[in-house]
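The values are calculated or read from the model by the stated rules, or taken from the named source; none is laboratory data. Just so we're clear, the structure is a prediction, and the values are computed from it rather than from any experiment. Cβ placement follows ideal geometry from the backbone for every residue including glycine, while neighbour counts extend to all protein chains displayed. Side chains included, ligands, DNA and RNA excluded: accessible areas come from the protein's heavy atoms. Shrake-Rupley method; radii C 1.70, N 1.55, O 1.52, S 1.80 Å.
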Amino acid sequence: MNGEELTEQETALYDRQIRVWGADAQRRLSKSHILVYGMKGTVAEFCKNIVLAGVGSVTLVDDRAVNEEALSTNFLVLPDENLYHGKTLAEVCCDSLKEFNPMVHVSVEKGDISTFGVEFFEKFDAVVISCCSLAKKKLINQKCRKLPKHIAYYTVDCRGSCGEIFVDLKNYKYSKKKLEETIECQLEYPSFEDAIAAPWKALPKRVSKLYFAMRVIEQFEDIEGRNAGQTSIADLPGVLKLRKELCETNSVNESQIPDALLERLLTGTSEFPPVCAIIGGILGQEVIKAISGKGDPLKNFFFFDAMDGKGLIEDISKP
Amino acid sequence: MDTIEVSNLNRQFLFRRSHVGLSKAKVARDAVLRFRPNISITPYHSNVKESHFNVDFFKEFDVVLNGLDNLDARRHVNRLCLAADVPLVESGTTGFLGQVTVHLKGKTECYECQPKPAPKTYPVCTITSTPSKFIHCIVWAKDLLFAKLFGDKDQENDLNVRSNDTGNSSEHSADVFEYRKDEDIEQYGRRIYDHVFGHNIEVALSNEETWKNRNKPRPIYSKDVLPVKMTEENGNTEKDCATGDVSVMAFLSLKNPQDIWSLAENTRVFLEALRLFFSKRRKDIGNLTFDKDDQLAVEFVTAAANIRASSFAIPLHSLFEAKGIAGNIVHAVATTNAIVAGLIVIEAIKVLKKDNNNYRMTYCLEHPSRKLLLMPVEPYEPNKSCYVCSETPLSLEVNTHHSKLRDFVEKIVKGKLGMNFAVIMQGTSILYEVGEDLEEDMVAIYAANLEKALSELPSPVTSGTVLTVEDLQQEFSCSINIKHREGFDEEKEPNGMVLSGWVEAPVYKDNNKPIGNGESTSNTFPSEEKDVEIQEMSEGTETVTGKKRKLSKVDENRNQKKPEKLDVDDEDDELIISDDWESLTKKKRV
């Protein structure tokens, strides 16, 4: 947190995790600054994880008022009107998060994130985006990439029993121990825009169907001018039509994106708490890895579907 | 029954600093009620092995979710869930690894169908005479030296046992370790130091045979390491650390627990810790068992282990590392626990919905295997040789003339079978039992029986005898066929008894696994049984192509709508069935 060594308090509190990633990694965490946009249930779980881990600071952005959705899926929002009346979602979450670890500085930033300049993003080491349109995801990603500073960029989406995480670490260098040696590793990540532009035909045959389904829904929302997650079963015909077009354009069989899966994503716009915990956990681990420089980061998509129980990684990039 | 500790707070997020010392069950309940006020939660601040939590208690529940941190309790709950026929969701995490398993009587394996790694133990002579790894030095420092100096004086202690020694040195050792009235404490410390690190090593060296193929240790004497007497005690010598404990480190300006101390520094810590025990904690001496949260004890054991390691040319370790080994500390982070918690709830919901065809074991990996970080596996059918859920009889080879009933009770019934309140019978005669309402003469008979050789019991136990062992609380019974055998290998069969039909657990090969109470994996959230709001997951199920031994019977009476056949790419849905739990959950080196 300050100085070179961990304080006695930090050593006592973080003992069990220092045994996992070491004191150096813990020090680096304590100096990091994380920006979080879109306080849905999954993101609340993620924030809890990084606050407990002892990052330097967390900045929350979400000017929406507390609603039914938040009360049922965001565990940082307690069902006590006195606590949330007149406050934004970010403010309520901020109050709760502070309690988990007084050593972490948690704050709120208000306003439309798409208007924030590049110098705003420069303050952060990692940026996590959720509840966001396709356009906004790309925009923020570009702003982060523009900076010479290395900023880790993540998007996260949870619909019903499915979840998706996207990771962009630009050019990421790290070292790891193999047996007694230290080896230097380097990974190159595509931007969000470049990744999703990868032609479907060129992707390996067994890429998760969830990847394609999410892209269809994402485009549908974009075309229809909807907010993220603002869909229902009534949209199914429109979505199926879009699927047909996209599959034709990409020369892939429509069966790659099953009807039932699209239905689930359209109707399951509310989050399912155990999936929030799982996705929030995986995302937390990824951010910790990137900040601490310890551990192989995932590249570049992660998918989870409670129905089959698989949590898998897909490497999607333009050839 | 646990209370909240500071080191829990990095992941057990229902707790705050102000809760340290309070009951986990009670505080967790209060915390959960804050965000879900309308759930019924009953906390019990007790040990799950207490008699109150019997089969009738367990029968009241629709599902049991375990969050235990030791093998013994898990086995206990497993047996009760089997007896009560209540589904059990088990789980565990260690660092980045975790797993969730589902157990239904008759349908899936029970928790004990697959062997769980047993706590590693070391041969006595390795600890007392020929250590080769740091952990051997820790065991020596903790279970021998610390126990001898500060523990129960009446306990048997192998401290002065030499590898080939049959001579009686107990009188001599009693003199050495005894603190003499008005003796200068530092002098006492040096006397102990010189005895265990100097004299005892010289004696060991005198036996040439032991060192034929081993590196010889070197004796260490305090006058060679610290020729000058340490500073006289003054009023400000103790510095309290956060918990108010007395601590050497602060006094000696050894602030960083991650530093590796030199031999001289270790010696200073050894002597100073000893001095502090005698001057500030005199009343504790004679009652202490090692506790990883006792800072002074940890400092002493670290120093003693390091000095011994130095003698045997074994690399020294920091206090941080030593504490982890001596205290069997399981490393843990919030993220893995969150993931596993989510997976547990998903399985629990399936159990409540009686979604019998979709239960899964899920493994949470650190490094992806075939792109998978979360790997679902279908549960296996019950193991027909499992003595717990399949009632297979066991066999015991034992020298019935030499081994006593007490050995059988301690090493087999409690040690291997995990039965803590057993009744041991031969046919209809009871050889031994424990209980509160036994008649005095029965208690006397049982006490006498314990000391008898098996073949000399009132109902003699010889080759061909079948013993029945029952634990009434676990409602679990098993039969053991006795086979007489004359001789046993001292190294490989130190107990002089060999149990088979029992699926022996693989023992950890590496030295990362600390010896001790068998904490294989730890779970850090409280086990709660509560009403869960079921969310509708109303879609069809994918048909999965399977591999051997998994559950795949379709339940005829299912009321669900017919599952929609999805285009399933066979290879895509290949589930990896692992036979070896251990390889998936092996602890990784930090």
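Volume per residue, Å³, of the convex hull around the alpha-carbon atoms of segment A:40-105?
Working: hull volume 4.7 nm³, N = 66.
So the per-residue hull volume is 72 Å³.
From the protein chains alone at 1.4 Å, what is the descending order of accessible area for B:His402, A:His33, B:His195, B:His19, largest first?
B:His402, A:His33, B:His19, B:His195
Report the rotationally averaged projected area of segment A:38-184 based on its alpha-carbon convex hull, in square nanometres. Can you show the working numbers first?
Values: hull surface 43.4 nm².
Projected area, direction-averaged: 10.9 nm².
Normalised by the empirical 2.2 N^0.38 Å for globular proteins, what value does the Cα Rg of segment B:386-497 take?
Here the Cα radius of gyration is 1.03 times the empirical estimate.
Just add up the charged neighbours of B:Leu271: K/R +1, D/E -1, any other residue whose Cβ is under 9 Å from the Cβ of B:Leu271.
Counting the neighbours of B:Leu271, the net charge comes to +1.
Between Rg and the Kirkwood Rh of segment B:390-435, both from Cα atoms, what is the Rg to Rh ratio?
Details: Rg = 11.1 Å, Rh = 11.7 Å.
Using Cα coordinates only, the ratio equals 0.95.
Leaving out ligands, DNA and RNA but keeping every protein chain, what accessible area does B:Lys229 have, in Å² rounded to the nearest 10, with a 1.4 Å probe?
Roll a 1.4 Å probe over it and B:Lys229 shows about 100 Å².
Hull surface divided by four, with the convex hull built on the Cα atoms of segment A:275-319: how many nm²?
On the way: hull surface 15.6 nm².
Taking a quarter of the hull surface, the average projection is 3.9 nm².
Ignoring ligands, DNA and RNA, how do B:Thr3, B:Thr392 rank by accessible area with a 1.4 Å probe, largest first?
B:Thr3, B:Thr392
What number does segment A:6-116 give for Rg over Rh if you use C-alpha atoms and the Kirkwood radius? Display every interim value, and only then the final one.
Details: Rg = 15.0 Å, Rh = 14.7 Å.
With Rg and the Kirkwood Rh in hand, the quotient comes to 1.02.
To the nearest Å, what is the center-to-center distance of segment B:173-220 and segment B:33-106, using C-alpha atoms only?
49
Per 0.36 nm of contour for each residue apart, how much would the distance between B:Thr121 and B:Leu450 grow if the chain were fully extended, relative to their Cα-Cα spacing?
Working it through step by step, the gained length comes to 116.0 nm.
Report Rg/Rh for segment B:248-358, rounded to two decimals, where Rg is the Cα radius of gyration and Rh the Kirkwood radius.
Taking Rh as the inverse mean 1/r over Cα pairs, Rg/Rh reads 1.27.
Of the trypsin sites (Lys or Arg not before Pro) in segment A:169-240, which ones lie in a loop per DSSP and count no more than 10 other C-beta atoms within 10 Å? Let's see the in-between values first.
Details: sites: A:Lys170, A:Lys173, A:Lys176, A:Lys177, A:Lys178, A:Lys201, A:Lys205, A:Arg206, A:Lys209, A:Arg215, A:Arg226; in loops: A:Lys170, A:Lys205, A:Arg206, A:Arg226.
For trypsin sites (Lys or Arg not before Pro) across segment A:169-240 that sit outside H, G, I, E and B with at most 10 neighbouring Cβ atoms in 10 Å, the list reads A:Lys205.
Under a 1.4 Å probe, what is the accessible area of the protein assembly as shown per residue, stated in Å²?
For the protein assembly as shown, the solvent-accessible area averages 45 Å² per residue.
Amide H of A:Ala152 versus every other amide H placed in the peptide plane: which residues, excluding those fewer than 5 positions away on the same chain, fall under 5 Å?
A:Ala126, A:Val127
Based on alpha-carbon positions alone, could you give the equivalent ellipsoid semi-axes of segment A:116-248 from the gyration tensor, as √(5λ), descending, whole Å? Walk me through the numbers before you get to the answer.
Values: eigenvalues 190, 80, 34 Å².
Square roots of five times the eigenvalues give 31, 20, 13 Å.
Could you work out what % of the accessible surface of chain A is carbon and sulfur, using a 1.4 angstrom probe and leaving DNA, RNA and ligands out of the count? Please list the in-between numbers first.
Working: 6110 of 12360 Å².
Of all accessible area on chain A, carbon and sulfur atoms account for 49 percent.
Restricting attention to segment B:178-213, which GluC sites (Glu not before Pro) occupy a DSSP loop and are surrounded by at most 16 other Cβ atoms within 10 Å? Don't skip to the answer; put the middle values down first.
Values: sites: B:Glu178, B:Glu183, B:Glu186, B:Glu202, B:Glu208, B:Glu209; in loops: B:Glu178, B:Glu183.
Passing sites in segment B:178-213 are B:Glu178, B:Glu183.
Taking 1 over the mean of 1/r across every pair of different Cα atoms in segment A:150-203, what Kirkwood radius in Å do you get?
Values: mean 1/r = 0.0729 Å⁻¹.
Value: 13.7 Å, from the Cα pair sum.
Per-residue ellipticity at 222 nm for chain A, helices alone: DSSP H runs ≥ 4 residues times -39500 (n - 2.57), over residue total, nearest 500 deg cm²/dmol? Mind showing how you got there, number by number?
Numbers: 13 runs with 139 residues, N = 319.
Rounded to the nearest 500, it is -13000 deg cm²/dmol.
Rolling a 1.4 angstrom probe over the protein chains, ignoring ligands and nucleic acids, what is the accessible area of A:Asp308 in square angstrom, nearest 10?
Counting only protein heavy atoms, A:Asp308 exposes about 40 Å² to solvent.
State the percentage of accessible surface on segment B:333-373 attributable to carbon and sulfur atoms; use a 1.4 Å probe and exclude ligands, DNA and RNA. Please list the in-between numbers first.
Values: 670 of 1210 Å².
The C+S portion of the solvent-accessible surface of segment B:333-373 is 56 percent.
What are the principal axis extents of the Cα atoms in chain A, in Å, biggest first?
Answer, in whole Å and largest first: 60, 56, 38 Å.
Give me the distance between the Cα centres of segment A:49-88 and segment B:1-28, rounded to whole Å.
Between the Cα centre of segment A:49-88 and that of segment B:1-28, the gap is 22 Å.
About the Cα centre of the protein assembly as shown, how large is the charge dipole given +1 on each Lys and Arg Cβ and -1 on each Asp and Glu Cβ? Please answer in debye to the nearest 20.
Working: 115 positive and 140 negative charges, 457 e Å.
With Lys and Arg at +1 and Asp and Glu at -1, about 2200 debye.
So if we plug the beta-carbon distance of B:Glu439 and B:His52 into 1/(1 + (r/R0)^6) with R0 = 22 Å, what FRET efficiency do we get, rounded to 0.05?
Efficiency, from the Cβ-Cβ distance: 0.35.
In sequence order, what are the phi-derived ³J(HN,Hα) couplings for segment B:72-80 according to the Karplus relation 6.51 cos²θ - 1.76 cosθ + 1.60 with θ = phi - 60°, rounded to whole Hz, with x for glycine and proline?
For segment B:72-80, the Karplus-derived couplings read 4, 5, 5, 5, 4, 5, 4, 5, 5 Hz, x marking Gly and Pro.
I want to make sure I understand the PRE zone here: with the label point 7 angstrom from the Cα of B:Thr289 toward its beta carbon, which residues in segment B:315-339 have backbone N atoms less than 20 Å away?
Only B:323-330 pass the distance filter.
List the residues whose amide H sits under 5 Å from the amide H of A:Val108, counting only those 5 or more places along or on another chain, with H placed 1.01 Å from N in the peptide plane.
Under 5 Å from the amide H of A:Val108: A:Leu60.
Taking a quarter of the surface of the convex hull around the Cα atoms of the protein assembly as shown, what do you get in nm²?
42.3
What list of ³J(HN,Hα) couplings, whole Hz, do you get for segment A:204-214 from phi and the Karplus terms 6.51, -1.76, 1.60, once you set θ to phi - 60° and write x for glycine and proline?
The phi angles translate into x, 4, 9, 5, 3, 4, 4, 4, 5, 4, 4 Hz.
Please arrange A:Phe303, B:Phe35 by accessible surface area, largest first, computed with a 1.4 Å probe and ligands excluded.
Solvent-accessible surface, decreasing: B:Phe35, A:Phe303.
HN-Hα J couplings of segment A:120-127 from phi, Karplus 6.51/-1.76/1.60, θ = phi - 60°, integer Hz, Gly and Pro as x?
5, 5, 4, 5, 10, 9, 8, 10
To the nearest hundred square angstrom, how large is the accessible surface buried between B and A, total for both chains, probe 1.4 angstrom?
Buried surface at the B/A interface: approximately 5400 Å².
With just the Cα atoms defining each centre, how far is segment A:196-229 from segment A:149-180? Give it in Å.
Between the Cα centres of segment A:196-229 and segment A:149-180 lies a distance of 19 Å.
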